[in-house]
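Structure first, then comments.
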Amino acid sequence: MRLYTFVAHDDGDLYILEEEIVGNPPHRLFTWWPLGVSAIEYSRGGYPREWIGRKVTAKPGEPGTYEVCDPETGQIVKYLYLKNGGQTCSEYAKSVPLPQPILVGKSKDMDVKWRPGYGWYKYSAVRGWIPCTSAEIERGEREAARADRVCARKKKQDRRTGSR
């Protein structure tokens, strides 16, 4: 499943951020598709800045066209068009590994595997393969983020001291 968000990038321009989970082992792939307008130009056009950061939907049958909907009514309030329509090339892409869930308690020794299109599953001798809980998945993400912070601190410290 692909998710789309209307975003402003660090460069000041507006993009459609596409997010999807791909591969085995899984990775979260982020792709920035340019709209060809800056956040400043957008605001000067009279459009509310609150729309930036909203989830949008791809318009079926019209590549490069996205719909911004009012969150209360569900009505389409604006169409967004990529810079070159369906022929637009992405400007940025980033791939982030999806960490394996961390199991605790009775389930801590269960086998865990990724099922493309379905998500993380654990093997129960009684019930077979069952989906991991959101708490187990979040625990894995928190641990991966903590490990990344520790690694970044160590690299920074090594640069300061000149060691490798």
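The values are calculated or read from the model by the stated rules, or taken from the named source; none is laboratory data. Small disclaimer: the values here were computed from a predicted structure and weren't measured. Positions of Cβ are generated from backbone atoms using ideal geometry, with glycine treated the same way; all protein chains shown enter the neighbour counts.
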If we keep just the residues of region 36-79 that are assigned to a loop (DSSP other than H, G, I, E, B) and of a type in the set (D, E), which is modelled with the highest pLDDT? E62
Scope region 97-112; condition outside any helix (DSSP H, G or I) and surrounded by fewer than 14 Cβ atoms within 10 Å (Cβ to Cβ); matching residues: P97, V104, K108, D109, D111
Restricting to region 72-93, name every residue that is within 21 Å of the chain's Cα centre (by Cα) and surrounded by 12 or more Cβ atoms within 10 Å (Cβ to Cβ). L80, Y81, L82, T88, S90, E91, Y92
Do you know which of the residues in region 1-18 that are free of Cβ contacts under 8 Å to residues at least 40 places away in the same chain and exposed (fewer than 14 other Cβ atoms within 10 Å of the Cβ) is nearest to the chain's Cα centre (by Cα)? M1
Could you list, ordered by first residue, the pairs with Cβ atoms under 8 Å in which the first is in region 46-61 and touching a residue at least 24 places away in the same chain (Cβ under 8 Å) and the second is surrounded by fewer than 13 Cβ atoms within 10 Å (Cβ to Cβ) and in a loop (DSSP other than H, G, I, E, B), at least 6 apart or interchain? R54/P71; A58/R2
How many residues are surrounded by 10 or more Cβ atoms within 10 Å (Cβ to Cβ) and either part of a helix (DSSP H, G or I) or at pLDDT below 90 (or both) if we restrict to region 116-133? 1
